[in-house]
1. Could you look at the chain and say what percent of its accessible area is carbon and sulfur, using a 1.4 Å probe and all protein chains?
2. Largest first and to the nearest Å, give the Cα extent of segment 99-216 along each principal axis.
3. Using a Gaussian network model of the chain whose springs link C-alpha atoms within less than 10 Å, name the residue from SER114, SER183, SER152 with the highest mean-square fluctuation.
4. To the nearest 10 degrees, how steeply does helix 78-90 sit against the main Cα axis of the chain, on a 0 to 90 scale?
5. What's the local net charge at ALA16, with K and R +1, D and E -1, over the other residues with C-beta under 14 Å away?
6. In 10 Å bins starting at 0, how do the alpha-carbon pair distances of the chain split up by percent?
7. I need the calculated FRET efficiency for the pair VAL25 and THR148, taking r as the beta carbon distance and R₀ as 41 Å, to the nearest 0.05.
8. Any idea how far apart LEU72 and ILE10 come out in nm if each label point goes 7 Å out from Cα toward Cβ?
Amino acid sequence: MDYVKPAEVITECLQAAEKKASLPVSKMLVAGALSGVFLGFATSLVMVILAQGLPPIAGAVAFPVGFVMLVLIGLELVTGNFALMPKALAAGRVSTKLLLRSWGWVYLGNLLGSLFYASLFYLAITNSGTNDGGAVGEQVRLIAQKKTLTYSAIGALGWNTALVKGILCNWMVTMGTVLAFASRSTAGKVAAMWLPIMIFFAHGYEHCVVNMYLIP
């Protein structure tokens, strides 16, 4: 059957966590960097959609393409590993040291890849800095300001709001990570992952790796 039962999903999640925990640092960095790039591509696609005057929900429908690509080719995303590693730790399959090792190196890889793509995207839309990026550049600026200045304007409550939006975002991202194991077929995996990722983006919640690209 294409459908994988919940108990089997957990078993496969634990196996995946063990494999991820044992990766060499070099692979964590490279796979993490590529994940940052792919999420950057997905986010910039949303900027292109919004710049054409389409409603935000159209961008939310398109955004999961980045997450789907990175999961299907086995890359490393720290917010996805937030779902897998604690399960494995609780089951005694990985140690706290391995959990922190994975999160730390993958986070760094995600950051480096996001910054790299942000630099290339800036050069692409501004013709190497000779213009302001036009309608796409304006969308990037507006959203980056919303994710920074809007929170800053209300002080400590801004920190609280960003934290809550981060929690709500990663609730859906971790669901997407787990649901990737809920199907045997590629089409089933894509559909299962698409739903929660679209939901968090449509709500305007805060994803740290997306912000690693967007704000810089």
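1. Working: 7630 of 10710 Å².
That share works out to 71 percent.
2. Computed over the Cα atoms, the extents are 48, 36, 31 Å.
3. SER152
4. 20
5. Working: positive: LYS19, LYS20, LYS87, ARG93, LYS189; negative: GLU8, GLU12, GLU18, GLU76.
Charge balance in the 14 Å sphere: +1.
6. Each 10 Å bin holds this share of Cα pairs: 9, 32, 36, 18, 5, 0.
7. So, using R0 = 41 Å, E works out to roughly 0.85.
8. 3.0
The values are calculated or read from the model by the stated rules, or taken from the named source; none is laboratory data. Quantities reported herein were computed from a predicted structural model and do not represent experimental measurements. Glycine also receives a Cβ, built like all others from the backbone with ideal geometry; neighbour counts cover every protein chain displayed. Please note that ligands, DNA and RNA were not included when accessible areas were found on the heavy atoms of the full protein model with its side chains. Shrake-Rupley method; radii C 1.70, N 1.55, O 1.52, S 1.80 Å.
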